[in-house]
Amino acid sequence: MTTTSENSRYLRLLGEQVGHELAAHLQYMAIAVWFDSHDLPQLAAHFYRQALEERNHGMMIVQYHLDRSLPVKIPGTPEVRNDFNDVIEPLQLALDQEQQVTRQIEAIFRAARDEGDALGEQFLMWFLEEQVEEVAAATTLVTVAKRAGDNLFDLENYVARETIGDAGESAAAPRAAGGAL
């Protein structure tokens, strides 16, 4: 079955995902800045990297549209949250965001499958695998932060010592429009 943009739920959801990824990019930048402003450089560095990774994910979807000669639009993004009461809140927000993105990618994959778009399914396999890693990393950060309690040095040391996620490095990743940052 050939997917056309006029009647494709798959292409509509995929186009919307560009906005979701760019919104995640901005939210992670805001989280990084919050950590930076609270003298937590390891957490700040982690979320600055996460912000770039989300930007790259959005641009991978853009490149996919370009490669398949599909129309693509860069949507506006919603406001981001900038203020948090403690270290757990931004980490929990990141986990909640990753769980939401996982649900979105799963819905896009199901739509591609329902429409018989094998190329779409193949493209989304990498994103599904990536979301397993993203949710696991965010879950671990929340767990470690809760265990550390008020001892933020333990949390910072953990982030400095351990490899959290794949830092956006994957040989199997799709190409990003304009190049990955």
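The values are calculated or read from the model by the stated rules, or taken from the named source; none is laboratory data. Small disclaimer: the values here were computed from a predicted structure and weren't measured. Note that each Cβ is placed from the backbone with ideal geometry, even for glycine, and that neighbours are counted across all protein chains shown.
For the reader, a short list of remarks on this structure follows.
- Looking across 113, 68, one residue alone is basic (Lys, Arg) and either touching a residue at least 12 places away in the same chain (Cβ under 8 Å) or within 24 Å of residue 178 (Cα to Cα) (or both). It is 68.
- Entry remark, segment 46-59: residues being surrounded by fewer than 21 Cβ atoms within 10 Å (Cβ to Cβ) and touching a residue at least 40 places away in the same chain (Cβ under 8 Å) number 2 in total.
- Contact annotation: residue pairs with Cβ atoms under 6 Å, 6 or more positions apart or on different chains, pairing a residue in segment 118-139 that is in contact (Cβ under 8 Å) with a residue 24 or more places away in the chain with a partner that is of a type in the set (Gly, Ala, Ser) and in a helix (DSSP H, G or I), are 120/112; 138/94.
- Residue match in segment 33-40 (condition: buried (at least 20 other Cβ atoms within 10 Å of the Cβ) and either among the aliphatic types (A, V, I, L, M) or touching a Cys at 6+ places or on another chain (Cβ under 7 Å) (or both)): yes
- Residue match in segment 81-99 (condition: of a type in the set (Val, Ile, Thr), modelled with pLDDT under 95 and over 15 Å from the mean Cα position of the chain (by Cα)): no
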